1. Being open to solvent by less than 30 Å² (accessible area, probe 1.4 Å) and farther than 17 Å from L249 by Cα is the filter here, so list the residues in the stretch 180-210 that pass it.
2. Does the stretch 206-223 hold any residues that are in contact (Cβ under 8 Å) with a residue 40 or more places away in the chain and not in a helix (DSSP H, G or I), and which are they?
3. Quick one: how many residues across the stretch 384-419 are over 37 Å from the mean Cα position of the chain (by Cα), open to solvent by less than 30 Å² (accessible area, probe 1.4 Å) and of a type in the set (G, A, S)?
4. Of all the residues that make up the stretch 357-406, how many are closer than 24 Å to G322 by Cβ, among the β-branched types (V, I, T) and modelled with pLDDT of 90 or more?
5. Residue by residue through the stretch 186-211, note down the ones that are in contact with a Phe, Trp or Tyr (Cβ under 8 Å, 6 or more places away or on another chain) and farther than 23 Å from T165 by Cβ.
6. Take the conditions farther than 28 Å from D159 by Cβ and of a type outside the set (V, I, T) and apply them to L433. Does it pass?
7. Please go through (1) under 38 Å from the mean Cα position of the chain (by Cα); (2) among the basic types (K, R); (3) open to solvent by less than 50 Å² (accessible area, probe 1.4 Å) for R431 and return the number of the only condition it doesn't satisfy.
8. Are any residues in the stretch 350-383 open to solvent by 80 Å² or more (accessible area, probe 1.4 Å) and within 14 Å of Y417 (Cβ to Cβ), and if so, which ones?
Amino acid sequence: MNRKQFKEKIKGLNDKSILMRFNLFYFVFSLIPVALLVYLYYQYDPVSRIIRVSEEQFSLLILLVSFGSLISFFGVRKALKKIMTLSSRLKEYLFGEMDKETVLELARDEGEVAELARAFGDIMNRLENNLKELKAAKKTVYEMLSKMGETLTSVGSFDSLLELTLETLREALGALRGAIYLFNEDKVCIEPVVLSGIAEDKVPKKIELGEGTLGWVAKERKPISIPFLGKKEEQGDDLFSSSLICVPLVSKDKLLGVIVLSGKTTGDNFSEDDIRILSHLASQISISIRNARLNNDIEKAYFETISALALAVEAKDPYARGHSERVANIAVKIAKKMKLDKENFAILRDACKLHDIGKIGIEDSVLQKPGKLSPAELKIMHKHPYVGSNIIRPLKTFKHLVEPILQHHEKLDGSGYPKGLKGEEISIIARILCVADMFDALTTNRPYREALDYSEAVKELDRLVEAGIIDKEVVDFLKEVTE
């Protein structure tokens, strides 16, 4: 029952039911006694001045008047009591707790009060349903925010954060599939960057502004909800063959992309609450994306700066000039032979470029000393992996480089530095970097000796393998790529 219907119901009660009951009680309570008085008047004999009414008739008249008065009294009292009861319960509902059983009891009767009670009971039921839906929505938002909070503390990269955020949204809103589309570098179209519950071949790869449903949302910057009108078993496994909600990702009036959820696990369509929740969370996700991009730009600038510093360090030492680039070339070739996965391959490549960045904190007198270093000077030199890792550590985007930079002078037998790690404690990336670093050091001139030729350098590496100092597999691959 909506507000208009409720008003019409109450108006009907005032105009009809209450008026009819009032007329009835008025007739019983007032008109019957008047009629009896008129009857007595006609029984009056003016000559004898006697009312010709027998004792039985008089008793009957008294009984009728008394009975009519009692009916009127109890009828009016009952109606007023019901109205007072409902009124008091309405006050309790407004200012305290409402006893629903009382309303239901009043609604079982007949008449205008029962009608009013039933109308109010309908309103109570709607309020209770709205409260249940509100509690459910609050619980959903709380669970999502809790999971997203846990994600923020446990995820290393922003891409992983987006993946877990989308997965959390999909589960919380009961969606089968989800995707986040962001602008590409050229800002010409939006492209999928994160998928959940759907294969890559089931989503469009590039969408221009205004193209299709997602393009319309991006262009108009308005959310959209599209219901599925077919049967549950007719739904497909792509984004557009079931119910769908899509909202824009906008931060500071700048369009970043869209987020889309498709298909309800229950087979129903998405509700208004679903799209409202997704819209609110999309604004928070947009802020996170924008901040992450700003931080990423800052970190890239920082990375480029320290890369330039690493080159400056090499430029100060004529023996080390070009060392990092040569090490990176060798290490990348070894990694390809070993079929290193894409992520570790990128880590190795970047770590090679910065593995000696810590030497920026080493005094020139030690760094450029002709001849062998003293024990005290070696102790100073052995600090450069620590210094380098601490330079990289503040960069969240590049924190995966900390471990290989810190470990690139560790040896399998524990004789390396700075921690003296052994065997499997040393990552495969650091093992490759170590061998590539050694090979370049052996084949280039140093202040304390001339460069070894290829065969001599390989013999030295084989000797270190036999001594259990460096990784045999890595050395074997190095031979393949340098022959």
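The values are calculated or read from the model by the stated rules, or taken from the named source; none is laboratory data. Just so it is clear, the structure is predicted and the values come from calculations on it, not from any experiment. All Cβ positions, even for glycine, are placed from backbone atoms using ideal geometry, and neighbour counts span all protein chains on display. SASA here: full protein model, heavy atoms, side chains in, ligands and nucleic acids out. Shrake-Rupley method; radii C 1.70, N 1.55, O 1.52, S 1.80 Å.
1. Scanning the stretch 180-210 gives S196, I198, V203.
2. P223
3. 2
4. The total comes to 1.
5. G210, the sole residue that qualifies.
6. Criteria not met by L433.
7. Failing condition for R431: (1).
8. Across the stretch 350-383, the qualifying residues are P375, K379, K383.
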